[in-house]
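Enquirer: One structure is given below, represented as structure tokens, and several questions about it will come after.
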Amino acid sequence: MSYVSTAGAPGNACVFCAALSSGDDRQSLVLHRGERAFLVLNAYPYASGHLMAAVTRHVAGLDEASLDELAECMRLVQIAVRALRAVYRPDGFNVGVNQGAVAGAGVAGHLHVHVVPRWNGDTSFMTAIGDTKVLPESLQDTYDRLSAALRT
């Protein structure tokens, strides 16, 4: 929670821009780079495979992004859904944009689209009672599985 509450705070570097400039895509969890948008795993996922498509340019809102940026971002959402379906076989997906901190954006300054695979019964007592999420694999394993699927 401390990460999410401070990620977009003034003075903190943008996590998306930092990931793009890191030079190590696996370490920074960047799965795919396009011309105007990219795919990155969520470092604090709601479920295994939770990733985001983000525009490359640092803009905060849908109204600030160009149509070409939005089109590529949505194309990457489509590619991500296909890869997630092949790797994890989820029952459905949550796909969405939280624009602005009041709307739930953890990183309000950089436009991104969440893609979260969902399974029937995936909310367990751990989440409901213990306020704890249980993930069956490490982020690096998730990265390896999805990056392989994206290459095919």
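The values are calculated or read from the model by the stated rules, or taken from the named source; none is laboratory data. Treat the numbers as computed from the prediction; the structure is a model and nothing was measured. Here the Cβ is made from the backbone with ideal geometry for all residues, glycine too, and neighbour counts use every protein chain on show.
Enquirer: Any idea which residue in segment 18-57 is modelled with the lowest pLDDT, counting only those that are part of a loop (DSSP other than H, G, I, E, B) and among the aromatic types (Phe, Trp, Tyr)?
Expert: Tyr46
Enquirer: Within segment 82-123, track down each residue that is in a loop (DSSP other than H, G, I, E, B) and over 25 Å from Arg57 (Cβ atoms).
Expert: Arg89, Pro90, Asp91, Trp119, Asn120, Gly121, Asp122, Thr123, listed by residue number.
Enquirer: Next up: Is it true that Ala60 is outside any loop (DSSP other than H, G, I, E, B) and either modelled with pLDDT under 95 or crowded, with 16+ Cβ neighbours inside 10 Å (or both)?
Expert: Considered against the rule, which asks whether it is outside any loop (DSSP other than H, G, I, E, B) and either modelled with pLDDT under 95 or crowded, with 16+ Cβ neighbours inside 10 Å (or both), Ala60 comes out as no.
Enquirer: Okay, next question. Which one is farthest from the chain's Cα centre (by Cα) among residues in segment 42-57 that are buried (at least 17 other Cβ atoms within 10 Å of the Cβ) and free of Cβ contacts under 8 Å to residues at least 60 places away in the same chain?
Expert: By that ranking, first place goes to Thr56.
Enquirer: Sticking with this structure for a sec: Select from segment 63-81 the residues that are surrounded by 14 or more Cβ atoms within 10 Å (Cβ to Cβ) and in a helix (DSSP H, G or I) and list them in ascending order.
Expert: Glu69, Leu70, Glu72, Cys73, Met74, Arg75, Leu76, Val77, Ile79, Ala80, Val81
Enquirer: While we're here: Hey, can you tell me all the residues within segment 86-97 that are surrounded by 15 or more Cβ atoms within 10 Å (Cβ to Cβ) and more than 12 Å from the chain's Cα centre (by Cα)?
Expert: Val87, Tyr88, Pro90, Phe93
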